[in-house]
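Enquirer: What follows is a structure written as structure tokens; I'll ask about it next.
The values are calculated or read from the model by the stated rules, or taken from the named source; none is laboratory data. A quick note: this is a predicted structure, and the numbers were derived from the prediction, not measured. Backbone-built Cβ (ideal geometry, glycine too); neighbour counts: all protein chains shown. Areas reflect the complete protein model, heavy atoms only, side chains present, ligands, DNA and RNA absent. Shrake-Rupley method; radii C 1.70, N 1.55, O 1.52, S 1.80 Å.
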Amino acid sequence: MSQDLFVRTMPASADNAPPVQSTVGLIPDAQLEDPESLKKAGRGAQSIAGEVNANASTMQSAFADSAPNLHGDDWDGQIGFALLHVAELWKNQNAKMVRTCLEISDNFIKTAENYDDTEETNTRAMKFSDDRDTPFG
């Protein structure tokens with residue numbers, strides 16, 4: 001099974017060209033020295049998701065609460081409707097950021113757990129019982 005890393009880079013020019021997308025192989029000698037650091041990073045991403053969610057809710061409420069005062073009988077301009085649009089956009093973008101942080105968290109934690117499980121399996125496989133003959137004596 002081929003394992004590839006999807007890489008997305010921005011072009012060097014400033015001409016609004018779309019990002020360049022390419023697939024590159026994983027670094028063959030990459031090693032995970034400390035799976036606990038991945039778990040810690042995963043918990044950090046969960047924390048960021050919680051903070052973003054809390055702050056986004058506060059801002060979205062402020063936008064939504066202000067909008068009714070800026071349209072209808074009290075105001076004949078479009079700013080109230082624009083503010084409602086901004087509130088909805090804010091809510092959607094922050095929800096996407098929260099989902100992304102949680103996905104990152106899940107990936108980090110799952111990778112660390114997979115590493116731990118594989119190390120445990122390999123350690124068990126390499127142990128020989130005392131009564132088993134081996135070519136190493």
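Enquirer: Can you run down the residue pairs with Cβ atoms below 7 Å, 6 or more apart or on separate chains, where the first is in the range 105-119 and over 9 Å from LEU38 (Cβ atoms) and touching a residue at least 12 places away in the same chain (Cβ under 8 Å) and the partner is among the aromatic types (Phe, Trp, Tyr) and open to solvent by less than 80 Å² (accessible area, probe 1.4 Å)?
Expert: none
Enquirer: If you don't mind, there's one more thing I want to ask. If we keep just the residues of the range 84-137 that are open to solvent by 80 Å² or more (accessible area, probe 1.4 Å) and aliphatic (A, V, I, L, M), which is modelled with the highest pLDDT?
Expert: Ranking the qualifying residues of the range 84-137, first place goes to MET97.
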